[in-house]
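Worksheet: one structure, shown below.
The values are calculated or read from the model by the stated rules, or taken from the named source; none is laboratory data. Computed from a predicted model, the values in this text were never measured in an experiment. Neighbour counts are summed over all protein chains in view; Cβ atoms, including those assigned to glycine, are modelled from backbone coordinates with ideal geometry.
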Amino acid sequence: MAYKFVDNYREKGARKKLVIELKEKKGITNASVLNAIGSVKRHYFFDETFWAHAYIDKAFPIGDGQTISNPYTVAYQSQLLEIKKGDKILEIGTGCGYQTCVLLEMGATVYTIERQEALYNRTLKVLPHLGYNAQFFCGDGSKGIPEFAPYDKIIVTAGAPFVPQILLKQLAVGGILVIPVGDNKEQQMMKIVRINENDFEKFILDTFKFVPLLGEQAW
Ligand code: SAM
């Protein structure tokens, strides 16, 4: 993929339109999320031939059998996380790193893990090149990354068959886990808040379709 640091009027205008669509038609209200979506140059994750698709609210194949998540899903999960500047976030499923950039734009410190080595290697290089710095890990994120726990927030960007208890243990008290849970056809978004050492509050939200979370505490 060729990277050209171009953000001309056309791309800026398209990004603004996307933000308006997410706000006015799709119910994203968090100003910090909308601001981040309005700032991250999603066209850099596409080959130049496909830039016209970069600010349409849809997932898109980006090569190597990978897909960039649709902006609505990224915004929806980010909004559920109630991110505050300085939050320490664990992201499971780095993929191409678009969601990672949105979290970084919101002022979070991000630990992100991807199980596919080729994808990990690519994103590890691309994000710093675009000016985004996260802590990148390659491995099975279904077990979290206990060495760096606790996390204020944990986001899972692949569909899980159940909520891995090991992830709940890595949440700080007051922390939030956002994870899609279901079968291979569809998943319900879950938001789980750690109330205290032993208690959690669970909210079951909208239906989505994610690629599967594969691993020891997953499919
Ligand atoms: N967040 C990305 C974006 O912004 O476009 C999209 C992520 S994609 C929907 C889900 C990713 O989760 C895939 O790259 C997949 O390889 C990864 N994944 C699946 N199981 C995993 C696991 N156990 N640990 C880490 N990553 C995993």
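Some values worked out for this structure:
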{"quantity": "Residue that is nearest to the ligand (Cβ to nearest atom), among those in the range 178-216 that are touching a residue at least 60 places away in the same chain (Cβ under 8 Å) and outside any loop (DSSP other than H, G, I, E, B)", "calculated": "F208"}
{"quantity": "Residues of the range 103-123 satisfying the condition of being part of a loop (DSSP other than H, G, I, E, B) and closer than 22 Å to A218 by Cβ", "calculated": "R115, Q116"}
{"quantity": "Leading residue by the ranking (farthest from the ligand (Cβ to nearest atom)) among those in the range 114-123 that are surrounded by 20 or more Cβ atoms within 10 Å (Cβ to Cβ) and charged (D, E, K, R)", "calculated": "R122"}
{"quantity": "Restricting the range 75-113 to residues that are away from the ligand (no atom under 11 Å from the Cβ) and of a type in the set (S, T, N, Q), the residue that is farthest from T157 (Cα to Cα)", "calculated": "T109"}
{"quantity": "Residue satisfying condition, being within 16 Å of the ligand (Cβ to nearest atom), closer than 22 Å to I176 by Cα and touching a Lys or Arg at 6+ places or on another chain (Cβ under 8 Å), within set I68, I28, I37", "calculated": "I37"}
{"quantity": "Selection from the range 81-102 of residues that are of a type in the set (D, E, K, R) and not in a loop (DSSP other than H, G, I, E, B)", "calculated": "K88, E91"}
{"quantity": "Complete set of residues in the range 59-81 that are surrounded by 20 or more Cβ atoms within 10 Å (Cβ to Cβ) and free of Cβ contacts under 8 Å to residues at least 40 places away in the same chain", "calculated": "I68, V74"}
{"quantity": "Where K16 falls short, out of the listed (1) more than 19 Å from the chain's Cα centre (by Cα); (2) within 15 Å of the ligand (Cβ to nearest atom); (3) charged (D, E, K, R)", "calculated": "(2)"}
{"quantity": "Restricting the range 124-143 to residues that are crowded, with 20+ Cβ neighbours inside 10 Å and more than 10 Å from the ligand (Cβ to nearest atom), the residue that is farthest from E216 (Cα to Cα)", "calculated": "L127"}
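To keep it simple, each residue is scored yes or no on (1) buried (at least 21 other Cβ atoms within 10 Å of the Cβ); (2) of a type in the set (S, T, N, Q); (3) at pLDDT 95 or above.
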| site | (1), (2), (3) |
| --- | --- |
| V156 | yes, no, yes |
| P161 | no, no, yes |
| L177 | yes, no, yes |
| V181 | no, no, yes |
| Q187 | yes, yes, yes |
